[in-house]
1. For the stretch 85-160, how big is the tail of P(r) above 21 Å, as a whole percent of Cα pairs?
2. Can you sort ASP270, ASP175, ASP146 by solvent-accessible area, 1.4 Å probe, largest first?
3. What FRET efficiency comes out for ASP132 versus SER80 if R0 is 22 angstrom and r is the Cβ-Cβ distance? Round to the nearest 0.05.
4. Which of rounded, prolate, oblate describes the stretch 146-231, given a ≥ b ≥ c as roots of the alpha-carbon gyration tensor eigenvalues and a/c under 1.5 marking rounded, otherwise prolate only if a/b is larger than b/c?
5. Near GLY167, within a Cβ-to-Cβ distance under 14 Å, what is the net charge of the other residues, with Lys and Arg +1 and Asp and Glu -1?
6. Under unit Cβ charges (Lys, Arg +1; Asp, Glu -1), what dipole magnitude, rounded to 20 debye, does the chain have relative to its Cα centre?
7. Taking θ as phi - 60°, what are the ³J(HN,Hα) couplings along the stretch 248-254 by the Karplus curve (6.51, -1.76, 1.60), each to the nearest whole Hz, with x for Gly and Pro?
8. With +1 on each Lys and Arg Cβ and -1 on each Asp and Glu Cβ, and nothing else charged, work out how big the dipole of the stretch 181-268 is about its Cα centre, in Debye to the nearest 20.
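The values are calculated or read from the model by the stated rules, or taken from the named source; none is laboratory data. Model, not experiment: these values are computed from the prediction. As a convention, Cβ positions derive from the backbone with ideal geometry for all residues, glycine included, and neighbour counts pool all protein chains shown. Heavy atoms of the whole protein, side chains included, go into the accessibility calculation; ligands, DNA and RNA do not. Shrake-Rupley method; radii C 1.70, N 1.55, O 1.52, S 1.80 Å.
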Amino acid sequence: MRIDRRRFLTISAAALGAPLLAHAAPDDASGATVWRGQAMGAPVALILNHPDRTRAQALIRETRAELQRLENIFTLYRDSSELSELNRSGLLVTPSPEMVAALRLARHVHRLTGGRFDPSIQPLWRAHAAGDAAAVQAARQLVGFDRIRVSDDRILLRPGMALTLNGIAQGIITDRITALLRAGGAEHTLVDMGEIRAIGGRTAAEPWRVALAGGGEASLIDRAIATTEAGGFTFDAAGRLPHLIDPDTGAARADWARISVIADEAGLADALSTGFALAPAPAIRAALPALPGVEVRALDGQGRETRFT
């Protein structure tokens, strides 16, 4: 297995001219408070502007506490998380509102992408990670998000099924942290919790500029961007088997080298970027009429970018 931990998106704003610190600190270039940490097994960061520096520090502390709470819901890295308990027992009674909302959004995107976004691929993920071709074939029978039962008071999986929310949780967490900071009075703030969302622009007159893997950049004002890059994680040392799994065939594959989705919310952008990574151009175009305001930027294996709006 080859793991490349480079970030799929890099922040090219001038406010990050100096390295981020492991604790909250004023940034020399812009006067913003910048903070860097870890969540869901990946680096996270904030560029936080607030008229009250003391309140900005308090918001950082609230952000760290909220990240811990959300990880206890969505991560597969903790045996005690809601998701781990659901996968272990096949039943989650009185799930958190955040888990229910995440699965309902996942169902919506599952339908919009023609089933290509499917959190029930976790058994296939485990089989590919083990390099077991027979297990891959067996795991195909355990995939099908339409077989998951979700209600406000319980979530039910069929025997042998398991979920991964790695294609949506970082976006949802980004949205939750953005809402916390906005409610706390943050202005001109960039939130990177694995996916990126902006509060306003970098200034009143200038957007945030986000550099995209493979070239190009996106400008954000009160918008979110999520990227899925096929080569960021591969199951084989040669890098031929991307981490994206086709729920229909069980194969590890991708139609695009990189998919970036810009939307109003990071959770939606995150899930769409995962599903669209497995979609040919006609399927992406067919989905967009039901997604007003969503922009898709797809990079093929030869480095050519196609934009869908």
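1. Values: 872 of 2850 pairs.
In whole percent, the long-distance tail amounts to 31.
2. Details: ASP270 5, ASP175 30, ASP146 100 Å².
From most accessible down to least: ASP146, ASP175, ASP270.
3. Details: r = 28 Å, r/R0 = 1.26.
Rounded to the nearest 0.05, the efficiency is 0.20.
4. On the way: a/c = 4.16, a/b = 1.72, b/c = 2.42.
Verdict is oblate for the stretch 146-231.
5. Details: positive: ARG107, ARG116; negative: ASP118, GLU195, GLU229, ASP246, ASP270.
Cβ neighbours under 14 Å give a net charge of -3.
6. Working: 35 positive and 34 negative charges, 77 e Å.
Charge dipole of the chain: 360 debye, to the nearest 20.
7. Calculated HN-Hα couplings, in order: 7, 9, x, 7, 8, 7, 7 Hz.
8. The calculation lands at about 160 debye.
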